[in-house]
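As structure tokens, the structure follows; a few thoughts come after it.
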Amino acid sequence: MNIRVDRAEADLDRLDDEIAALIKGMLRRGDKQSDIAACFLVNGGRISEINTGQRFAGIEPASEGELPPCAPYPSPYELWKANRETWRARVALEKALDDIQEALVAVRRVEQQ
């Protein structure tokens with residue numbers, strides 16, 4: 001099996017009409033092909049194929065309001081780090097909620113006396 005072919009096929013599996021419309025919209029907006037490839041984690045060649053009409057020729061570009069923000073895009077490491085921090089915040093908030101609920105139960109007991 002050819003690794004290059006496998007990787008190219010994996011890129012194509014990630015691309016569908018909706019993503020192609022976004023890519024076309026980003027190209028129309030003036031985004032660099034390398035930035036678009038980074039945004040969707042695909043090889044830049046796939047972006048070029050969409051740009052030249054070799055793939056998804058019949059798909060219209062997405063409107064400006066549907067597009068992701070312009071580059072730079074966070075790296076996978078930055079996304080992982082942000083996700084980890086979000087998870088830590090969620091755990092802290094759930095703990096705070098438990099503490100608040102316990103305090104409310106205690107307040108209700110005192111009020112009933």
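Quick check: is even one residue across the range 82-99 surrounded by 10 or more Cβ atoms within 10 Å (Cβ to Cβ) and in contact with a Pro (Cβ under 9 Å, 6 or more places away or on another chain)?
Checked the range 82-99: at least one residue is surrounded by 10 or more Cβ atoms within 10 Å (Cβ to Cβ) and in contact with a Pro (Cβ under 9 Å, 6 or more places away or on another chain).
Output the qualifying pairs, or none if there are none: Cβ atoms under 7 angstrom, residues six or more apart or on different chains, first residue in the range 49-77 and in the same structural domain as Ala38 (by TED's automatic domain parsing), second residue surrounded by 10 or more Cβ atoms within 10 Å (Cβ to Cβ) and aromatic (Phe, Trp, Tyr).
Ile50/Phe56
Hey, could you check the range 50-81 for residues that are among the aliphatic types (A, V, I, L, M) and at pLDDT 95 or above and say which is surrounded by the most Cβ atoms within 10 Å (Cβ to Cβ)?
Per the stated criteria, the residue is Ile50.
I'm trying to understand the selection: among the residues of the range 52-109, which are more than 30 Å from Ile36 (Cα to Cα) and not aliphatic (A, V, I, L, M)?
Residues satisfying the conditions are Arg88, Arg90, Glu94, Lys95, Asp98, Asp99, Gln101, Glu102, Arg108, Arg109.
The values are calculated or read from the model by the stated rules, or taken from the named source; none is laboratory data. Note that the structure is a prediction, hence the values are computed from the model and not measured. Heads up, the Cβs are rebuilt from the backbone with ideal geometry, glycines too, and the neighbour counts pull from every protein chain shown.
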